[in-house]
Every structure is written in C-alpha cells, then in structure tokens.
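Here's the structure, in structure tokens; my notes come after.
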C-alpha cells in the first residue's frame, strides 16, 4: 500500500474549516488499451479522500494505492489521515 499526502495541505484545510470528508475509489487501476497491449496492473484501487472546507472549497487530502479492498486497508488509510489531521492541529 502507498499513501500520499501533504501535511501543509491538511493543515491549511484544518485552518479553513475542514468539516466533511469525501472519499471514493476506482477499482480498475490500469484499463486495457485499445491496442490490446494486455499489460495490466494487479488488482487494487486508487482511493482518494477530499475535504470540504468553509466557503465551499474542496481540497484533496490523501491518495492511497491499495492492493486489497478490505476493511483493514480502509482502517490503515483513515488511521493515517486521522494521524495527519491531529498532527496538523497541534502545530
């Protein structure tokens, strides 16, 4: 699993009224090309979490590439986001 985020972006979102998380995933990471190359990435998903802030702004907070779509994978992703948000709020 790979998780990407920016502490600065999360901190800015927190300071600007972060109040809603919006999450979604795409389960086909590398669709087949029209030329039929047949090269495909293993199963998994790209999962993104955005935050809605005051004034109607939405900010991308975290991106995760996971091999498995399990509860444990989601717990890791949201656990990391919780850690980053708490860290941003204490700085």
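Read-outs: derived from the displayed coordinates by stated rules, not from any lab. Just so it is clear, the model here is predicted, and its values are computed rather than measured. Counting neighbours? That spans all protein chains shown, and the Cβs are built from the backbone with ideal geometry, glycine included.
Taking other Cβ atoms within 10 Å as a rough exposure proxy, 67, 2 sort from fewest to most as 2, 67. Under 15 Å from a label point set 7 Å out along the Cα-to-Cβ vector of residue 83, the amide N atoms of segment 3-28 belong to 3-7.
Say R0 is 22 Å: what FRET efficiency, to the nearest 0.05, do residue 9 and residue 76 get from their beta-carbon distance? For residue 9 and residue 76, the calculated efficiency is 0.65. Going from the fewest other Cβ atoms within 10 Å to the most, the residues 9, 20, 84 appear in the order 20, 9, 84.
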